[in-house]
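So the structure is just underneath, and the comments pick up after that.
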Amino acid sequence: MARAATVRDAPPSTEADAISGVEAPREHLRFVGHAATEADVLDALRAGSLHHALLLGGARGIGKATFAFRLARFLLAGGDPRSGSLAVDPAAPAVRLVNAGAHPDMLVLSRSFNEGTGRYRADILVDDVRRLVPFFGSTPALGGWRIAIVDAADDLNLNAANALLKTLEEPPPRSLFLLVSHAPGRLLATIRSRCRLVRMAPLRDAEIVTGLSAIGLGDAADAAATRAEGSLRAAILLAAGGDRDVTTLVAGLLDRLPGLDRRALGKLADAVGGREGEAAFAATVELVRDFVARRVRVDAAAAAPPAVLAAWAEVWEKVDRAVGRAEALNLDRRQVVLGVFRDLAEAAKRG
């Protein structure tokens, strides 16, 4: 497991590295699920038809970023697409460089660290994206591919998205863009049109159990898999012993919507507060996002009125904004959680 960085430590290379209890996607050498996606990419590589920009779309925590780094390691290590797998020798120099975030032919764009606040910014900024120009304008340092990973493309602000579009329009040879997106439909249509959309499905419960068992969380794997809605990241947070009470609290609150159990909500707010509440806050956010996504799917399948779907879309936006502000501005997580559940209750009333 990656060590959780304290706020004033030297910042981790990406925000994902800073989440307590969750191994960063670039460090994952084990890979669970998505066999069909991997097979499609290998087929394209064998045929010499791999698109220069892949938009990896799907729910949070299902392995999109992990897959992006897996593909990057394979290409930068000179993997053979006839092997039938994107797995490569963990001892290969390129693999060690990728895992350390130090490969000269790989650039990762994510929300940057604000030294002044000691937090990650709310968006990927245009200055972050401008790093692509010198990166793709030079020859590969090790003579192979040049790969840019954007994790997540949903975090691009408008200026950054437009700057990315310019680079996507004129890709240099043997370059690859891997854009991770939790909601591809919300990206600029011009960006989507220049990418090949790769839809990645939620993991099956059995795959989640396998993933949890591989990292020593097998005891709680079955219960976590059932609640995780196909997200290995959520399952890891839920399976961590300190979060089991939080899982029960959140599940109970969600079940009672549009009503709010003030006492239970107060307990949850206390649990997410302070430095020790980081994992509890992350687990709460995952459960809330999964709940909203599930409600949208159910209501859409039932041909619910547009106003109902709009209410859940609005609360999804509010949750994302609230969490982004909390992370960027070091806001009180207690107040964020209280606000999120008030918004959920209002959406549930409208639905």
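The values are calculated or read from the model by the stated rules, or taken from the named source; none is laboratory data. Small disclaimer: the values here were computed from a predicted structure and weren't measured. All Cβ positions, even for glycine, are placed from backbone atoms using ideal geometry, and neighbour counts span all protein chains on display. We work out accessible area using only protein heavy atoms, side chains counted, and drop any ligands, DNA or RNA first. Shrake-Rupley method; radii C 1.70, N 1.55, O 1.52, S 1.80 Å.
Odds and ends about this structure:
- Quotient of the Cα radius of gyration of the chain and 2.2 N^0.38 Å, N being its number of residues: 0.99.
- Under Stokes-Einstein, with the Kirkwood radius over Cα pairs as Rh, the value for region 247-351 at 10 °C and 1.306 mPa s is 114 µm²/s.
- Full extension of the chain segment joining ARG256 with SER49 gains 69.5 nm, where the gain is 0.36 nm per residue of separation less the Cα-Cα distance.
- Inter-probe distance in nm under a simple model that places probes 7 Å from Cα toward Cβ, at ALA223 and ARG82: 5.0 nm
- For the chain, the number of Lys pairs separated by eight or more positions or lying on different chains, with C-alpha atoms closer than 26 Å, is 5.
- Additional length obtainable on full extension of the chain from ARG199 to LEU331, 0.36 nm per residue less Cα span: 44.1 nm
- Distribution of pairwise C-alpha distances over region 202-307, 10 Å bins, in %: 15, 41, 31, 11, 1
- Taking max minus min of the alpha-carbon positions on each principal axis, region 294-351 gives extents of 40, 18, 16 Å, largest first.
- Percent of C-alpha pairs per 10 Å bin, region 133-214, short to long: 15, 40, 26, 16, 3
- Derived from the Cα gyration tensor, the three semi-axes of the equivalent ellipsoid of region 111-176 are 24, 14, 9 Å, largest first.
- Of the whole protein surface, HIS51 contributes about 70 Å² of accessible area at a 1.4 Å probe radius.
- For region 173-244: span of alpha carbons on each principal axis (Å, largest first): 46, 27, 21
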